[in-house]
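What follows is a short report on a single structure.
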Amino acid sequence: MSMKRRTFLKGTVAAVGVAAAAGLLSPRAVLADWPKAAFDAKSMDDATAAAGLSGFEHSDDIEIKAPDIAENGAVVPISVTSGMKAESISILASANGTPMAATFELGAKAQSFVSVRIKMGKTSDVFAIVKSGGKAYANKKQVKVTIGGCGG
């Protein structure tokens, strides 16, 4: 039985390789448009404006899980959960040189949850902005950084 499975897997891998080489498979989702201006912005206001998240309202329905003190700012784990049906979730560190750390466009059936590791140059408020029903909602949590991850 295991030999049949190996033969099948070898054949499948070979077929996918040939299809990719022939251009029949292309990473369309990877090549999708992204908010370059939001990630290049030097301030919170510019980043949120470029991402279409200006004028966000505070919401306690957004939960941010992050360490109170990050021992190394190069790798700060952040998780965001919301009870709202999220269209997108963005994470920003207000004191970073470029505050936009991550943004996720969620599908219609996706749960309102993301988890990522971000870089933080120094102690900062971490904002989670959830777009739901065409409006932007946010919550924040302060994270103290003891060793800078962005050259600090």
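Do the conditions hold for VAL80, that is, is it modelled with pLDDT of 70 or more and either surrounded by 11 or more Cβ atoms within 10 Å (Cβ to Cβ) or touching a Phe, Trp or Tyr at 6+ places or on another chain (Cβ under 7 Å) (or both)? Yes; evaluated as a whole, the condition is true for this residue.
Here SER124 clears all of (1) touching a strand residue (DSSP E or B) at 6+ places or on another chain (Cβ under 9 Å); (2) on the phi > 0 side of the Ramachandran plot; (3) not charged (D, E, K, R) except the condition numbered (2). Contact map, region 40-68: first residue in contact (Cβ under 8 Å) with a residue 60 or more places away in the chain and assigned by TED's automatic domain parsing to the domain that holds ALA136, second residue in a loop (DSSP other than H, G, I, E, B) and of a type in the set (Phe, Trp, Tyr), Cβ cut-off under 9 Å, separation 6 or more or different chains; pairs are THR48/PHE56. Annotation: ASN139 fulfils all but one of (1) touching a His at 6+ places or on another chain (Cβ under 9 Å); (2) of a type outside the set (A, V, I, L, M); (3) crowded, with 21+ Cβ neighbours inside 10 Å; the unmet one is (3). A residue that is aliphatic (A, V, I, L, M), under 15 Å from ILE62 (Cα atoms) and modelled with pLDDT of 95 or more occurs nowhere in region 93-103.
Annotation: of all residues in region 37-74 being surrounded by 10 or more Cβ atoms within 10 Å (Cβ to Cβ) and charged (D, E, K, R), the one that is farthest from ILE118 (Cα to Cα) is ASP61.
Here SER90 does not fit the description of being part of a strand (DSSP E or B), farther than 22 Å from LYS42 by Cβ and under 12 Å from the mean Cα position of the chain (by Cα). Check whether at least one residue in region 43-62 is part of a strand (DSSP E or B), β-branched (Val, Ile, Thr) and under 14 Å from the mean Cα position of the chain (by Cα), and report yes or no. No, region 43-62 contains no residue that is part of a strand (DSSP E or B), β-branched (Val, Ile, Thr) and under 14 Å from the mean Cα position of the chain (by Cα).
The values are calculated or read from the model by the stated rules, or taken from the named source; none is laboratory data. All values reported here derive from a predicted model rather than from experimental measurement. Cβ atoms come from the backbone with ideal geometry, glycine included; neighbour counts cover every protein chain shown.
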